[in-house]
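The values are calculated or read from the model by the stated rules, or taken from the named source; none is laboratory data. Remember, predicted model here, so these are calculated numbers, not experimental data. Cβ sites come from the backbone with ideal geometry, for glycine too, and all protein chains shown count toward neighbours. All accessible areas refer to the heavy atoms of the entire protein, side chains included, with ligands and DNA or RNA removed. Shrake-Rupley method; radii C 1.70, N 1.55, O 1.52, S 1.80 Å.
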Amino acid sequence: MTARVLEEFLGPFPHETTCRVIDWVKEEVKHQSRNTGSEAGKRSLLNTLHYLFESQNRGLVQAALGSVETLSFSGMTLTPIDCAVLSHVIGLCDTIKHLDLQDCHIQCEGIQRLGPGLHKCQELRLGRNELGDSGVKLVSAALRNPECKIQKLWLGTVGLTDSGAEDLVSALSTNPSLTELSLSGNKLGDSGVKLVSAALRNPECKIQKLELFNVGLTDSGAEDLVSALSTNPSLTELDLGSNSLRDRSVPALRRLIPTLPSLEWIRLRWNRFSETGRKELRSLQELRPGLRVTV
């Protein structure tokens, strides 16, 4: 379609020329996608995606991105239009598995534009954006999609509160594909963590790595969380660091270890344990050879 439009101005294109142009675009996108370590590299790739979007040529987009599995724009400001372009590209391609949009200043409108394509990614990093409860609700819709492929989801420091957690938890309860979840840096408090605990109790829940770093968890909420985690034998990593846990939580944490045969690492640093409490927690490693305890 793009070639036909240009032919109106430039005359007929030989088939060989069209193929050479497509091959050039493919190589250019492949090269740019591997060089997103700098702001300039990310901008160059994003500009190319805009050009592909403007072409409205489905075949060209699929050919250009046919070997690309990762799109990373972390640390770069993305406008709602940029988000719409990314959604369009992801929607046309089945190869993109990893989408890193951390710290991109995405707000509710941006995530709304991204929404239609999010469920196709296996790894989705949206941390440090200003999504708020309403934005996370849109992410929850992607988790509910029957064709959802999301396995790893980072929603750290996105402005999620205990009020908005209910919708996310409801989505988690219906999603058997998710294996890694980060909610660190959100103001969940004990009430929000209790909602997350309800999802963990669901037999369909397959979460292996859970990050609840700095979410306002106290001893009161820890008891319910530990009870829920004890029903999830697939858990391998748990991060409860930088909360307000005290020695009162130590017995519950000690009871948890025998119930989780797959647990490899539990992070508890920067809580409020006394030296005695920390010593007791370190002794968890004696109960499980190979278990790493950071306290």
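Order 77-84, 134-141 from most to least packed using the mean count of other Cβ atoms within 10 Å. Please list the in-between numbers first.
Working: 77-84: 17.0, 134-141: 20.0.
So the peptides 77-84, 134-141, ranked by packing, come out 134-141, 77-84.
Tell me, what % of the accessible area of region 62-112 is carbon and sulfur with a 1.4 angstrom probe? Show your work: numbers first, answer last.
Numbers: 850 of 1820 Å².
C and S fraction of accessible area: 47 percent.
Measure nothing fancy, just the Cα-based angle from helix 15-33's long axis to the longest principal axis of the chain, in degrees from 0 to 90, nearest 10.
30
Using a 1.4 Å probe on the protein chains only, how many percent of the accessible area of region 235-295 belongs to carbon and sulfur? Spell out each step's value before the answer.
On the way: 1500 of 3130 Å².
The nonpolar share, carbon plus sulfur, comes to 48 percent.
Keeping all protein chains in place, calculate the accessible area per residue for region 231-287 (probe 1.4 angstrom), answer in Å².
Here the per-residue accessible area is 50 Å².
What is the distance, in nm, between label points placed 7 Å from the Cα along the Cα-to-Cβ direction at Ser67 and at Asn145?
Between Ser67 and Asn145, the simple spin-label model gives 2.6 nm.
Once phi is turned into ³J(HN,Hα) by the Karplus curve 6.51 cos²θ - 1.76 cosθ + 1.60 with θ = phi - 60°, what whole-Hz value does each residue of region 67-78 show in order, with x for glycine and proline?
Once rounded to whole Hz, the list reads 10, 8, 10, 10, 10, 10, 10, 4, x, 10, 5, 10.
Just to confirm the number: angle between the C-alpha axis of helix 39-55 and the first principal axis of the chain, 0 to 90 degrees, nearest 10?
Between helix and principal axis, roughly 50 degrees.
Using only Cα atoms and rounding to the nearest 10 degrees, what angle (0 to 90) does helix 219-229 make with the longest principal axis of the chain?
For helix 219-229, the angle is close to 70 degrees.
From the phi of every residue in region 144-151, what ³J(HN,Hα) in whole Hz does the Karplus formula 6.51 cos²θ - 1.76 cosθ + 1.60 yield, where θ is phi - 60° and glycine or proline is x?
Whole-Hz 3J(HN,Hα) from phi for region 144-151: 7, 4, x, 9, 4, 10, 5, 10.
Would you mind checking Lys97/Lys194; Lys30/Lys152; Lys97/Lys137; Lys30/Lys187; Lys42/Lys97 for any pair whose Cα atoms are more than 28 angstrom apart? Mind dumping the intermediate values first?
Numbers: Lys97/Lys194 31 Å; Lys30/Lys152 24 Å; Lys97/Lys137 22 Å; Lys30/Lys187 39 Å; Lys42/Lys97 18 Å.
Over 28 Å apart, Cα to Cα: Lys97/Lys194; Lys30/Lys187.
Which cross-chain or sequence-distant (5 or more) residues have an amide H under 5 Å from the amide H of Asn186, H modelled 1.01 Å from N in plane?
Those lying under 5 Å, H to H, from Asn186 are Thr157.
Could you work out how far the C-alpha centroid of region 179-218 sits from that of region 28-94, in angstrom?
What the calculation gives is 32 Å, centre to centre.
Please give the FRET efficiency for Ser227 paired with Tyr51, using the beta carbon to beta carbon distance and R0 = 45 Å, rounded to the nearest 0.05. Working shown, then result.
Numbers: r = 53 Å, r/R0 = 1.19.
It comes to 0.25.
Using each residue's phi in region 204-213, evaluate 6.51 cos²θ - 1.76 cosθ + 1.60 at θ = phi - 60° and report the 3J(HN,Hα) Karplus result to the nearest Hz, with x for Gly and Pro.
Each residue's phi maps through the Karplus curve to give 7, 5, 10, 5, 9, 10, 10, 10, 10, 6 Hz.
Quick check for you: with a 1.4 Å probe and neighbouring chains kept, what is the accessible area per residue of region 73-147, in Å²? Kindly include the intermediate steps, with their values, before the conclusion.
Details: 2870 Å² over 75 residues.
It amounts to 38 Å² per residue over region 73-147.
Where Lys and Arg each count +1 and Asp and Glu each count -1, what net charge lies around Asn214 among other residues with Cβ under 12 Å from its Cβ?
Working: positive: Lys187, Arg267, Arg269; negative: Glu211, Asp239.
Combined, the nearby Lys, Arg, Asp and Glu give +1.
Carbon and sulfur atoms: what percent of the 1.4 Å accessible area of region 154-223 do they account for?
Values: 1330 of 2630 Å².
Solvent-exposed carbon and sulfur of region 154-223 make up 51 percent of the total.
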